[in-house]
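The values are calculated or read from the model by the stated rules, or taken from the named source; none is laboratory data. The model shown is predicted, which means the values in this text are computed figures rather than measured ones. Cβ coordinates were reconstructed from backbone atoms using ideal geometry, including for glycine residues, and neighbour counts include every protein chain displayed. We work out accessible area using only protein heavy atoms, side chains counted, and drop any ligands, DNA or RNA first. Shrake-Rupley method; radii C 1.70, N 1.55, O 1.52, S 1.80 Å.
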Amino acid sequence: MKIDLTGKSALVTGSTRGIGRAIAGTLAACGAKVAVVGRDKAKADAVSAELKDSRGFACDVAVPADVLKLVEDVEKEFGAIDILVNNAGITKDNLMLRLKDEDWDTVLDSNLRSAFLAIRAASRGMMKRRWGRIVNISSVVGLMGNKGQTNYAASKAGLIGLTKSVAKELASRNILCNAIAPGFIETDMTGAMTEEARTALMAQIPLARLGTPADIAWTTAFLCSEYASYITGQVLVVDGGLIM
Ligand code: NDP
């Protein structure tokens, strides 16, 4: 089995680091042209320079006009967006009683509204071409909740509702929309964990390791491939068995 995405164009938000960068690299290795996106154009260019047929784009996904311009620019550059991966995401953690309104809004705007806007804009071309793959990067936290992450958990649970609704609306046009719910993955986002917290976490993961960005990247590539052509509206949990 070889995943072949030759001839497909992919847009991966938040692909300058971590999971998004691994997804961009894996889709490119499978033959796709990839738009690498981050807030800093120089960083996006530096990552895209390492990948074949790739381009860097600057976009703050929390800003609606930026997202719409991104979709327009990528379509202009590549001629189409066949694969959209909504990966950009942030945390602004605090206990619910202490959470500031602005930290609720920033997280919801960055993680959830951004995905809705990108899907609405990019799906028009997919509908015309009768082919599309949309993958939203949610989280196990969206399925089980987490103390200190009401905003983040709500955004990730929201992505699951968005995924299923989009899957139902666009299925007749051969556009598949799925979510991935990663567990704990080794990136900058989890890098701040103390050794104590890491050991406690490890004890709860049956596979006894944190995930790698590649674990999520290959799941994404699979969902974008022909091997997954009968899968839509699903949440694929990739967490080493954590929440089974
Ligand atoms: P990182 O913090 O390592 O990387 C985040 C990426 O998103 C960077 O490329 C960053 O780019 C980009 N980004 C952040 N905010 C914006 C923004 N407003 N506009 C554009 N780009 C933005 O995160 P991870 O790789 O760990 O996480 C990726 C996704 O996976 C997120 O949605 C996260 O919620 C989810 N996830 C992660 C888990 C984990 O354990 N790591 C577990 C479950 C889900 P730049 O800074 O260059 O702008």
Criterion (within 25 Å of D103 (Cβ to Cβ), open to solvent by 60 Å² or more (accessible area, probe 1.4 Å) and touching a strand residue (DSSP E or B) at 6+ places or on another chain (Cβ under 9 Å)) met by exactly one of L143, L159: L143
Odd one out for W104 among (1) closer than 29 Å to K128 by Cβ; (2) among the aromatic types (F, W, Y); (3) out of contact with any strand residue (DSSP E or B) (no Cβ under 7 Å at 6 or more places or on another chain): (1)
Residue pairs within 9 Å by beta carbon, gap of at least six or interchain, first lying in the stretch 183-205 and farther than 17 Å from N146 by Cα, second open to solvent by 60 Å² or more (accessible area, probe 1.4 Å) and of a type in the set (A, V, I, L, M), listed first then second, are none
Please verify whether the stretch 141-164 includes one or more residues that are away from the ligand (no atom under 15 Å from the Cβ), more than 26 Å from W104 (Cα to Cα) and part of a helix (DSSP H, G or I). no
Look through V34, V61, V67 and report the one residue that is modelled with pLDDT of 95 or more and part of a helix (DSSP H, G or I). V67
Do you know which residues across the stretch 189-220 are surrounded by fewer than 14 Cβ atoms within 10 Å (Cβ to Cβ), within 14 Å of the ligand (Cβ to nearest atom) and closer than 30 Å to R133 by Cα? R209
Of the residues that make up the stretch 221-231, is at least one over 25 Å from L170 (Cα atoms) and out of contact with any strand residue (DSSP E or B) (no Cβ under 9 Å at 6 or more places or on another chain)? no
Hey, among A46, A88, A42, which residue is within 12 Å of the ligand (Cβ to nearest atom), modelled with pLDDT of 95 or more, surrounded by fewer than 18 Cβ atoms within 10 Å (Cβ to Cβ) and closer than 20 Å to A217 by Cα? A46
Which of the residues spanning the stretch 8-43 are in contact (Cβ under 8 Å) with a residue 24 or more places away in the chain and more than 16 Å from the chain's Cα centre (by Cα)? K8, C30, G31, A32, K33, D40, K43
